[in-house]
Amino acid sequence: MASISLLNPKAEFARAAQALAINISAAKGLQDVMRTNLGPKGTVKMLVSGAGDIKITKDGNVLLHDMQIQHPTASMIARASTAQDDSTGDGTTTTVLLIGELLKQADIYLSEGLHPRIMTEGFEKARDKALEVLEKVKLPVEINKKNLMEIANTSLRTKVHPQLADLLTEVCVDAVLCIANEKQQPVDLHMVELMEMQHKTDTDTQLVRGLVMDHGARHPDMPKRLENAYILTANVSLEYEKAEVNSGFFYKTATEREAFVRAERDFIDQRVKKVIELKRAVCDGTDKSFVLINQKGIDPISLDALAKEGILALRRAKRRNMERLALACGGTAMNSFDDLQEEHLGYAGTVYEHVLGENKFTFVEDCKNPLSVTILIKGPNKHTITQIKDAIRDGLRAINNTIADKALVPGAGAFEVRAYNELAQFKDTIKGKARLAVQAFADALLIIPKTLAINSGYDAQDTIVKLTVEDRLSPELIGIDLATGEPMKPTDLGVYDNYIVKKQILNSCSIIASNLLLVDEVMRAGMTSLKG
Amino acid sequence: MEHTREIITLQFGTYANYVGAHFWNQQEANFVYDRDDNDGGQVAEEELPHNDVLYREGRNEYNQTTYTPRLLTVDVGGTLGHLPMVGELYGNYLPLLHEQTTDDVLQRTKESAEQSKLNTDGELDVLQQPTAAISEYQQDLLKNQVNLVDKDYKLAESCNSWADYLYARYHPRSFNVLPGLMRQADVQALGTHAAGVELWQSVDFNEEFCDRIRLYAEECDGLQGFQLLFDIDDGFSGMASKCLEHLNDEYSRTNLALPLHYPRNVGYAQADPRTAHNIRVVNSVLSYGHLSDQASMFTPLSTLSTIWRNTTLQSRHLPGLKWQVDNLYQSSAVLAAFVDTATLGYRLRQTPETLSRFCQRICPAGRTMTAAAMSLPLGMQHEQQDLIDYLDANANGELLSQLSPGCEPGSSHLLQMIVARGIPLTRLKRPVAEAGEQLRMAAYRCDSVSQMLQLYYQCAYHGSLTHATATTLPLKTQLPFPYEIFDANISSNGFRLLGERESGTRVTSAPALAALQNSSKLGEHLDALHAQTHRVQLAKLQSYSQAALERDEYETAVDKLLEFRDNYEDSHYL
């Protein structure tokens, strides 16, 4: 009987072998759910909630978030892999698979009497060796469009259909290259705006070299399309309301009140007038036009005055769009209209409005040298858009990782096969039972190429034998060609993974697996139950 | 100004959504679709609420016009029940009503997804969670067969969540479900103020939520301000406090906050009743610290008579009503009736009142906390009594019952905003020929309900100031309002009968009186809260030390509470 049950008869507990069995079965269960997702040939899952919400996904991270996991061990693994996603944006499914497989392999030796502590020590050694291999096989790359395309494509193909993946790859790489500059690294991905439009089909998703905003003009007379536009970005209230709240009026007669109101109104009118003056100064007599984008509100009277001048005015812009606008069009975001100059203005070739049901979109395009861009996601329905959005996020992260690492690792299971072979040799240099653990670690790594093969409809053992043999003969890394099931060189086909992702996976998986192995007692007893 | 003066409503927390659901049901019950219709014709145009203040017009994907509340709700997972996250008006989900069609639609959606370029090899794994239970009322509502007259849906017993009795339909933007938090039967999933603050600050939630507020605000030509309903007993209080801060930073408009207390003692993870009590006190202290700074006015609401140290769960009692004390569905209806009636003060058509003036009038000198009081149903007798007689019979001024826990504003030196509804002009007084006794009363010169109430309170309350508003629009108490809470001696139009109403009939509407009151006596409510803080040992509250609440922050909040209490110190203001 466990000591806890003396203190609390209600506590639930499981000891030693039983505790381990619980952990291992949880890890296996999670692995079973996720394994079909791995790789470009993995299946897509459609989740239908109890209330009829639809979600279609192949992304391990999304799946883990949506499955409400109750089992404590499973949720611990799930948390490790979502942490993986948070830090690198990829490798969620791999993490789950690898943890599950490590435990499964360990179980074989443990059931024969190996102590978990020796197992974990062996895992540690094996992990260090694997990291060494990773260091050796990573390929330093130049940051150019071709390399980035390859890495983004590998990542995106595991999330969406190849045809769509190819399109998104182009979009993502162009977006990052647009905003990247030498000085600032890594690239600030916030400067890529993701805007969704439920419209047309998913293959209409495109890159807009400028900004798309999710609101439009609120005055019927404002122009719907402007060319050669000056852009004034501002954070200045053009609403009369504001004064009413901050200070009460104290007045004796109705006329006095009127006077107060007029004075307050006048204050706002002055601001509007300043904008109009500037517009007249820079636009009159030329073919230029004028757009005002304001973070604060603009009331109908001010809108009316602006509309009369042919100015397109947008109110309540996103806070982050202020920064983006300055980068996309040039100019500065103004906090007051006191000293308004032409140099504060940005420029855009075209500004136009697009109305879709109750939503309006304003496109600011043809900017001179945009350092901020928008990816416009289109799809016929909400779940398609969500799926594309998740994929794009991961694609952008993969590109950004590459820029930060300046290195890539050949994909398609190539690294795992090489690490397996190296570990098999390394095993012989280890004394004692720990070498069994190294063997277990090596075997576990093979789950990745195995699953890739199975998901594409090939025989797992066949593939593994072919790959390991080929790998020993070749100095270059060998991965599996999912189209034929034969060994190939990933570098030839342009299949790459992020270095940081692989590194993170090796680290976190071995730690989580070790922790789970060392658990020899599981108990559940809350404060409330202690009170009995 | 001619343009609409919009208000955005925010609801944080499960109980807030219960109250909110009743509130929006009430709004829709008051829509008049056809002026020639008997029902709508009775109430004059200017006495109806101005719906555009709270509602927005939209257009869905099928090009149908929608009219939905300008509303944002936040709740934990599992409370939406059968409601899809994307709302029911804008498509993008599988309708659940008929078994076969669901499968059909599922099949079709699956096929279309397979045909589109998204999928790899034409194969799609479908993982379907068990269909959510859908209440009988909602089923009938979807089939358009709701039986208002004699079917008993037993909502009080069967209702699991506010979604079960929601008649109103929300915009997809309105739904926000907290990621990873599931509703639990006995403990609050989001327990502490600090946890709520943390969630508000998390990047994903914050960005998405603030953006949704912005999208509503962008549509408004003359945004007046915000109404916030939130649960003060759990972590949603922290979220609401932070949200208030954001609203003030970004929009600087009027904020009317309504903190709601659960009608029962809520539990928290890893807490015995004593710790739970302390957590509740800390949550309140921290919220009051924020509210006194940020809100233009706040009114704590609960059907319980006191909140802190209410071990017996002593409930408030409204004459003529009887509800199960800890029933969320019924108690929230009472609170919603108050919210609806009191806020009519600034929502009627052609009213010159704005939210900001409304708040300023009853919150002098920084006394931003006010107390709620209501009379539902108004105790007037069915045929025999007119308003003038009724007021005469209750000359001591005890018409209203308090709905703010631990607040007794007293009957002298108080400021109040009172709204009367559902008293037809014909029931004000009798014509001169039949007046008899009534002629002797001073109030006989009054020609309107509001005038008479004003006079009444001038006499009844010493040294007080009353703003009275009246509308003939009664409170609609048909389903999904819990009509069963009315006593048997209330007639179907809500007046008191000498006998009992005909069995089998239900109360369909009721007159009501609601007031927001402010007096120096409300300081006692703050004293009571401050007294509770002596018992709290912050270090022992595990859930707070986990959420990394700084000791300083708590102490500042306690100081702020005392400072705020000073505003209620003496009554020289009146």
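Brief remarks follow.
- Computing FRET efficiency as 1/(1 + (r/R0)^6) for residue A:270 and residue A:189, where r is the C-beta to C-beta distance and R0 is 41 Å, gives about 0.55.
- Here region B:363-386 is scanned for amide nitrogen atoms under 15 Å from the site 7 Å beyond the Cα of residue B:437 along Cα-to-Cβ, giving B:380-386.
- The convex hull built on the alpha-carbon positions of region A:366-496 has an orientation-averaged projected area of 12.5 nm².
- Helix-derived mean residue ellipticity, 222 nm - over chain B, DSSP H n ≥ 4, -39500 (n - 2.57), to 500: -10500 deg cm²/dmol
- Modelled spin-label separation between residue B:186 and residue A:256, with each label point placed 7 Å from Cα along the Cα-to-Cβ direction: 6.5 nm.
- Neighbour counting of Cβ atoms within 10 Å sorts the residues B:412, A:336, fewest neighbours leading, into A:336, B:412.
- Over region A:53-182: Rg over Rh, Cα atoms, Kirkwood Rh: 1.06
- With a cut-off of 13 Å between beta carbons, the residues surrounding residue B:531 carry a summed charge of +1, where Lys and Arg count +1 and Asp and Glu -1.
- Efficiency of FRET from Cβ geometry, residue B:245 and residue B:274, R₀ 41 Å, rounded to 0.05: 0.85
- Seen from residue B:408, the other residues with C-beta closer than 15 Å to its C-beta sum to a net charge of -1, counting Lys and Arg as +1 and Asp and Glu as -1.
- Peptides A:405-415, B:243-253 ordered by average Cβ neighbours within 10 Å, highest first: A:405-415, B:243-253
- Its DSSP H runs of at least 4 residues, each contributing -39,500 (n - 2.57), put the calculated 222 nm mean residue ellipticity of chain A at -17000 deg cm²/dmol, to the nearest 500.
- Hull volume per residue, based on the alpha-carbon atoms of region B:136-212 and their convex hull, is 128 Å³.
- The protein assembly as shown: Rg to Rh, with Rh as the Kirkwood radius over Cα pairs: 1.01
- Among A:237, B:519, the order by Cβ neighbours within 10 angstrom, fewest to most, reads A:237, B:519.
- Take each residue of peptide A:50-62, count the partner chain Cβ atoms within 10 Å of its Cβ, and average: the result is 6.
- For chain B: relative contact order, % (alpha-carbon pairs under 8 angstrom, 6 or more apart): 17
- Within region A:431-532, GluC sites (Glu not before Pro) in DSSP loop having at most 14 other beta-carbon neighbours inside 10 Å: A:476
- Taking the fewest neighbouring Cβ atoms within 10 Å as the starting point, the ordered list for A:420, B:67 is B:67, A:420.
- Cα gyration tensor category, rounded, prolate or oblate, for region B:142-296 with a/c compared to 1.5: oblate
- Compactness of chain A as Cα Rg over 2.2 N^0.38 Å, two decimals: 1.25
- The mean number of partner chain beta-carbon atoms within 10 angstrom of a residue's beta-carbon across peptide A:105-115 is 0.
- Between residue A:369 and residue A:71, the contour length at 0.36 nm per residue exceeds the Cα-Cα span by 102.1 nm.
- Legend: calculated FRET efficiency, residue A:131 to residue A:474, from the Cβ-Cβ distance at R0 = 30 Å, rounded to 0.05, equals 0.85.
- The protein assembly as shown, dipole about Cα centre (Lys/Arg Cβ +1, Asp/Glu Cβ -1), debye to the nearest 20: 1380
- Translational diffusion coefficient (Stokes-Einstein; Kirkwood radius from C-alpha pairs) of region A:211-369 at 25 °C, 0.890 mPa s, in µm²/s: 151
- Per the Kirkwood formula applied to alpha carbons, chain B shows a radius of gyration over Rh ratio, Rg over Rh, of 0.97.
- Dipole check for chain B: with +1 at the C-beta of Lys and Arg, -1 at the C-beta of Asp and Glu, and the Cα centre as origin, the magnitude is about 1320 Debye.
- Projected label distance in nm at residue B:33 and residue B:293, using a 7 Å step from Cα toward the beta-carbon: 4.8
- One decimal place: the segment residue B:208-residue B:65 gains 49.0 nm when fully extended, by the rule 0.36 nm per residue minus the C-alpha distance.
Every number in this text was worked out from the coordinates using simple rules, so none of it is lab data. Given the structure is predicted, the values throughout are model-derived calculations rather than measurements. As a convention, Cβ positions derive from the backbone with ideal geometry for all residues, glycine included, and neighbour counts pool all protein chains shown.
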